[in-house]
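> The structure follows.
The values are calculated or read from the model by the stated rules, or taken from the named source; none is laboratory data. Being a predicted model, the structure only gives us computed values, none of them experimental. Ideal geometry is used to build each Cβ from the backbone, glycine not excepted, and the neighbour counts take in all protein chains shown. Protein only, heavy atoms only, side chains kept; ligands, DNA and RNA dropped before computing areas. Shrake-Rupley method; radii C 1.70, N 1.55, O 1.52, S 1.80 Å.
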Amino acid sequence: MIGITLKDGSVREFEPGIKAADIVKSISMGLYKNACAVKINGIFCDLHEVLREDCTFEVFTFADDRFCKDTFNHTASHILAQAVKRLYKDVKLSIGPAIDDGFYYDFDTPTPFTPEDLVKIEAEMKKIIKEDIPLEKFELPADEAIKYLTEAGEPYKVILCKKHADAGEAIKFVRQGDFTDLCAGPHMMSTGLVKAVKLTNATGAYFGGDAKGKQLTRVYGTAFPKASELEAHLARLEEARKRDHNKLGRELEYFTTVDVIGQGLPIMLPKGAKVLQILQRWIEDEEQKRGYQLTKTPYMAKSDLYKISGHWGHYRDGMFVLGNPDDEEQGKEVFALRPMTCPFQYQVFLNRKRSYRDLPMRLNETSTLFRNEDSGEMHGLIRVRQFTLSEGHIILRPEQLEEEFKNCLELANYCLETLGLSEDVSYRFSQWDPNNKEKYVGSTEQWENAQSIMGNILDNLGLKYSIGIDEAAFYGPKLDIQIKNVFGKEDTLITIQIDPILAEKFDMEYVDTDGKMRRPYIIHRSSLGCYERTLALIIEKYAGALPLWLSPEQIRILPVTDRAKEYAESISAKLLGDGVRATVDNRNEKVGYKIRQAQMEKVPYFFIVGDNEVNDNTVSLRSQKSGDLGVMPLEEVYAKIFEEINTKAR
């Protein structure tokens, strides 16, 4: 017998070889029906796991952990694949993982699925769920697995199977009634445990993420244990669609895109350009207060610069190269647009001999950068090919590292708090993978030392963070400040990196207090991150109704009589003179129409002025957030507006 220690400390005995599912059933059938995963000796497993020795044992349901949700949604993806194969036998299968808010499956279809097809597929999925088909795991030797998948007419599965075999991995399958799929799991015990499912959309996707590969049809869906949970999720999705910056930002005329210009190259319209200008001026002024020196460096450089930094060898596929790299062999110069500013800013330090008195040297730049993102990765302003970054590099002595890192984090958190984004972020300590050394430069000792330093700094600050293995920059570990868009997709907004390596590559030295030459450390950091991404996030955060200090149009004045037009213009002149972005709507339209339009365009405040307001030197004040605030003396309104702007109130 084996002893199974449950969460409450009690121990139950079972025959060796028992499945986790049977142990859960022995505890409670109600618990079994809700269970998605178990933790055995601290490690998550699905309920198919076989136990052969003493262990600790905990049961987890859908809401308890991400692993549980992934198990549930991954099972739903198999239900989707089975439904598609029942309805469209000639369709070929690719991959079907769980994702943040559901699942997807990629199919090779003669023609893309239509909305009507999705309705049919979803109905078939519900039949499969009702059939409560058991899922059974089994393994095959690699040669048998390849033969089986080839005979089944699944070429993409054959490719995946060979990849797993070449890596020395076991070839695992799951059988689901009349449907069998190549998959390692995790899985629920039967299809009937997936109670509520919804297919949300279908898009194109390349096999293996390679734009040169076959384009497949990707079907997205989501699943929940209860219909009420699904309905609540769909309601959240509908709200997300309303807030989606890629829709709302275009409707409010912040930006647009043009096919003949190219994907990932947005045109910032006057409203969007104004907000970016406000953000950039704010950040540059804030950085100046904190001792940063502004630089202006070229948008491109010869390949020689990137070869020194290591970008040519480790990042060239993500760069826009001007010319043919092979031409260098004939002595021709090859240039590339910069994907970062660091090697350019180092030249400021290298401009003359430096001593410890010059350090820390804090350099900042509002830098325009270029990165050759895959077409499938781009979305509105969140991920683009040309973008603007609040970039900076601090060149310093080792003993200055902790204080300067702390200051960088304080600045980043101040920016997030001011914008109202601080409650939406998480922190990730991104480390190298010592098993993937070809991705990185530097020695094991340099990496372990840098990661130890950063870990100590983060722990001393009491920062709560996750660890991301193989997420570091190729030259050093970093703290990534992560944020999700309205659809739950996570991106990095701000990074702070410790670099122990590039100073040596660029032969950067300073004279220390003892007269000896030493290498500095470098902190790579951004205070706000990518401005375009930030604009997208604040559009979504505020559903387009930006705080007053950020709004491209802060005040709109609506005269309702001819006599009031001159009064409106005088108010506008006063506000414009004081730096407030005000306009006058003098159109010959009804005031109700003008108010509705101002509301739709998300103008923070609008003043309605008629003959009474002219006589009394007042305005009828309306707010985007609070509605009708009544008639107020003009000086009182000015004071309110200026206070809100100066304090950057949200």
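> Considering only protein heavy atoms, what is the solvent-accessible area of Thr256 at a probe of 1.4 Å, reported in Å² to the nearest 10?
In the full protein context, Thr256 sits at about 50 Å².
> Shifting gears a bit: Take the alpha carbon gyration tensor of segment 1-61, find the square roots of its eigenvalues, order them as a ≥ b ≥ c, and report rounded if a/c is under 1.5; if not, report prolate when a/b exceeds b/c, else oblate.
The shape class here is rounded.
> Sticking with this structure for a sec: Which percent, to the nearest 5, of DSSP beta bridges fully inside segment 550-650 are antiparallel?
Antiparallel bridges make up about 55 percent of those DSSP assigns within segment 550-650.
> Net charge around Asp470, counting only other residues with Cβ within less than 10 Å of its Cβ (Lys, Arg = +1; Asp, Glu = -1)?
Net local charge, Asp470 excluded: -1.
> Between Leu322 and Arg52, with labels modelled 7 Å along Cα→Cβ, what's the label distance in nm to one decimal, could you check?
6.3 nm
> Which value in deg cm²/dmol, rounded to the nearest 500, describes the helix-derived mean residue ellipticity at 222 nm for the chain, given -39,500 (n - 2.57) per DSSP H run of n ≥ 4 and division by the residue count?
Using -39500 (n - 2.57) per qualifying helix, the result is -11000 deg cm²/dmol.
> Using Cα pairs closer than 8 Å and at least 6 residues apart in sequence, work out the relative contact order for the chain, in percent.
9 percent
> Hey, what do the phi angles of segment 50-65 turn into as Karplus ³J(HN,Hα) couplings, whole Hz, using 6.51/-1.76/1.60 and θ = phi - 60°, x for Gly and Pro?
9, 9, 10, 8, 4, 6, 8, 8, 10, 10, 10, 9, 3, 7, 7, 7
> Net charge near Pro520: determine it from the other residues with C-beta under 12 Å of the C-beta of Pro520, scoring Lys and Arg +1 and Asp and Glu -1.
Cβ neighbours under 12 Å give a net charge of -4.
> Next question. Below 16 Å, Cα to Cα, which lysines can Lys464 reach? Residues fewer than 8 away in the same chain don't count.
In chain and number order, the partners are Lys406, Lys478.
> Shape of segment 378-481 from its Cα gyration tensor (a ≥ b ≥ c, root eigenvalues): rounded if a/c is under 1.5, otherwise prolate when a/b > b/c, or oblate?
Oblate is the answer for segment 378-481, as a/c is 1.5 or above yet b/c matches or exceeds a/b.
> Treat each spin label as a single point 7 Å out from the Cα along the C-beta direction, and report the Asp285 to Asp611 distance in nm.
Taking the two extended label points, one gets 4.3 nm.
> Aspartates and glutamates within cross-link reach of Lys120: Cα-Cα under 18 Å, excluding same-chain residues under 8 positions apart?
Straight-distance partners of Lys120: Asp90, Asp106, Asp108, Glu131.
> What number comes out for accessible area per residue over the chain if the probe is 1.4 Å? Units Å², please.
Per-residue accessible area for the chain comes out at 47 Å².
> I would also like to ask the following. Report the charge-dipole magnitude of segment 308-385 in Debye, nearest 20, computed about the Cα centre from +1 at each Lys and Arg Cβ and -1 at each Asp and Glu Cβ.
It works out to roughly 700 debye.
> Sticking with this structure for a sec: How much of the accessible area of the chain, in percent, comes from carbon and sulfur atoms when a 1.4 Å probe is used?
48 percent
> Rounded, prolate or oblate for segment 112-201? Axes are the square roots of the Cα gyration tensor eigenvalues, ordered a ≥ b ≥ c, and the cut-off for rounded is a/c under 1.5.
Verdict is prolate for segment 112-201.
> All other residues with a Cβ under 9 Å from the Cβ of Ala336 taken together, and with Lys, Arg as +1 and Asp, Glu as -1, what is their net charge?
Combined, the nearby Lys, Arg, Asp and Glu give +3.
> Full-extension gain between Asp459 and Asp65, please, as 0.36 nm times their residue separation minus the C-alpha to C-alpha distance.
139.4 nm
> Which of the residue pairs Lys39/Lys439; Lys39/Lys137; Lys163/Lys489; Lys247/Lys489 have a Cα-Cα distance greater than 25 Å in the structure shown?
Lys39/Lys439; Lys163/Lys489
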